[in-house]
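The values are calculated or read from the model by the stated rules, or taken from the named source; none is laboratory data. As the structure is a prediction and not an experimental result, all values here were calculated from the model. With ideal geometry, Cβ positions are generated from the backbone for all residues, glycine too; neighbour counts draw on all protein chains shown. Side chains included, ligands, DNA and RNA excluded: accessible areas come from the protein's heavy atoms. Shrake-Rupley method; radii C 1.70, N 1.55, O 1.52, S 1.80 Å.
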Amino acid sequence: MRFGTDILRQADTLAAFTEEPPGVTRTYLTPQHRQAGDCIAALMREAGMDASYDALGNVVGRYAADRPGAPVVMTGSHMDSVRNAGRYDGVFGILTAIACVRDLHRRGKRLPFDFEVVAFGDEEGVRFGVTLIGSKAMGGSFDPAWLDAKDAAGTTLREALVAFGGDPDGWRALDRRGKGVVAYVESHIEQGPVLLDEGLPVGVVTAIASGARMRVEVTGLAGHAGTVPMGSRQDALAAAAEMVLAVERIASAPGEGGAALVGTVGTIDARPGAINVIPQVVSFTVDVRSGDDVARRRATAVMRDAFDAIATQRRVKVASEVFYELPAAPCDASLQDAPAASVARQGLPVRRLPSGAGHDAMVFPPVCPIAMLFVRCGAGGISHHPDETMTAEDAEVATSVFLDFLETWTPPNADDA
Ligand code: GLV
Ligand code: MN
Ligand code: MN
């Protein structure tokens, strides 16, 4: 096997850089981020690329074109993870691209474009709540207000960047708009069961779903768990429980215009947090997604109205805010056809499918057309879970498809660049 076995072995090596063994937990600007970044930079250099960290802790590898002044094609994915993650989400997209460069370099082949492979420092947004920090800087949508966002320990993004050796003011220079980038094409594990169920190793993404993140705080009244009669309570956690179920109910029905929705309460915290005290303050987060921005916005508003109604009925207070929104990102119709043709040249059916998960690619449309290749996810399609898996055979097919794309695609202005 030319690529698959090595890629899975490298993913195993990266999985060891974790904050909480034995699972993979690697959040932004941590020592484990540094370990993974150093390992990826070494792989990039060994494959024939220049590689360095940028101001926000992304590792950027570059394989120079066969001519000066050529356009740039970008790829990449993220090296951070959720808590107790699998080992392929993000990492696969980085390793498959490095494998392609290693092969090209070994054959002495240059491309008609500079090929940039980026290992983004933050996509998941676990540490600071804001997702896609590295890629947003490159896509021109970094918000400097995020520099004041704090992690659970109260460290700001600005402080964490300085401690990492980055530059909190360096984000401006990372903006790739108008810098000759003609395509961004990312490979990623599917993180769902569609390809697995259809017996296909790879698929071509049509669009990436939009998302919103909300913070909700419910305030009731603490009291003695043994003395306050049930009918007199203002229990913030019981009210929050009803709100969680409202999220589930609203997201389970079709959204505006019949669009599919998903809604998740992924974190919840109850204070004061004692077994014999009625909870006074409960905070939780909501993640709402849809392929349709209008449906997602409408569902978010309906959820907030439901929270208000539940709070009134239960005599508690509620405050909710949407602190982060990402619009849906359609993949470029014409650029999508290039990896699709590469899939067909491998003798495989071309399956097109949307992505419910977010990806670094989704913030690049202001820079250039985007496309994505999905690889089959094993174990029922589970992801954001340690059981996430893929086979070396599928990694091999996906890397061959990507390499074929790189060697056959002609950038729009390659000849006059
Ligand atoms: C990232 O994986 C996300 O979709 O939240
Ligand atoms: Mn993920
Ligand atoms: Mn991912």
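Some observations on this one:
- Estimated dipole of the stretch 102-245 in Debye, rounded to 20 [Cβ of Lys and Arg +1, of Asp and Glu -1, Cα centre]: 540 debye
- Q346 paired with M230, simple spin-label distance in nm, labels 7 Å along Cα-to-beta-carbon: 5.8 nm
- Hydrodynamic radius (Kirkwood) for the stretch 170-215, which is based on Cα pairs only, to one decimal in Å: 14.6 Å
- Dipole of the chain, positive end: most advanced residue of G108, Y88, P339 [Cβ charges, Cα centre]: Y88
- When the alpha carbon coordinates of the stretch 58-100 are projected onto the principal axes, the ranges are 44, 18, 12 Å, largest first.
- Its Cα centre serving as origin, the stretch 92-155 has a Cβ charge dipole (Lys and Arg +1, Asp and Glu -1) of approximately 500 debye.
- Percent of Cα-Cα distances greater than 18 Å, calculated over the stretch 267-417: 73 percent
- Semi-axis lengths (Å, descending) of the ellipsoid that matches the C-alpha gyration tensor of the chain: 41, 23, 20
- Charges were assigned to the Cβ only: +1 to each Lys and Arg, -1 to each Asp and Glu. The resulting dipole of the chain about its Cα centre is roughly 420 debye.
- GNM top mover of L29, L95, L237 - the chain, alpha-carbon springs below 10 Å: L237
- When the Cα positions of F3, P369, F128 are compared along the charge dipole of the chain, F128 comes out farthest toward the positive end, with charges on each C-beta of Lys, Arg, Asp and Glu.
- Positive-end residue of P22, V322, I382, charge dipole of the chain with Cβ unit charges: V322
- Shown is the FRET efficiency for D387 and R315, computed with R0 = 35 Å from the Cβ-Cβ distance and rounded to the nearest 0.05: 0.25.
- Extending 7 Å from the Cα toward the beta-carbon at both F323 and L221 defines two label points whose distance is 2.9 nm.
- Accessible surface of the stretch 354-417, 1.4 Å probe: 52 percent of it comes from carbon and sulfur atoms.
- For the chain, the longest principal axis of the C-alpha atoms and the axis of helix 31-47 are separated by about 10°.
- The stretch 1-139, accessible surface, carbon-and-sulfur percent (1.4 angstrom probe): 51 percent
- Dimensionless Rg over Rh [the stretch 173-291; C-alpha; Kirkwood]: 1.18
- Evaluated on the stretch 1-70, the Kirkwood hydrodynamic radius is 13.6 Å, with distances taken between all distinct Cα atoms.
- Projected over all directions and averaged, the alpha-carbon convex hull of the stretch 64-168 occupies 8.1 nm².
- Based on protein heavy atoms only, the stretch 1-80 ends up with 37 Å² per residue of surface accessible to a 1.4 Å probe.
- Estimated 222 nm signal from helices in the chain, with DSSP H stretches of n ≥ 4 weighted -39500 (n - 2.57), rounded to 500: -10500 deg cm²/dmol
- Helix axis angle, 333-345 relative to the chain longest principal axis, alpha carbon, degrees: 60 degrees
- Volume per residue that the Cα convex hull of the stretch 1-127 spans, once the total is divided by residue count, Å³: 92 Å³
- The residues of the stretch 258-405 have, on average, 43 Å² of accessible surface per residue, using a 1.4 Å probe with all protein chains present.
- The chain: most fluctuating residue of V204, V265, V367 per GNM, C-alpha cutoff 10 Å: V265
- Alpha carbon convex hull of the stretch 111-163, volume per residue in cubic angstrom: 92 Å³
- Alpha-carbon Debye profile of the stretch 349-417, log10 I(q)/I(0) at 0.11, 0.13, 0.26 Å⁻¹: -0.39, -0.54, -1.34
- Across the stretch 97-139, Cα-Cα pairs farther apart than 16 Å form 52% of the total.
- Ordering 175-185, 340-350 by mean Cβ neighbour count within 10 Å, with the highest value first, yields 175-185, 340-350.
- Mean separation of Cα contacts under 8 Å, 6 or more apart, over the residue count of the chain: relative contact order %: 23 percent
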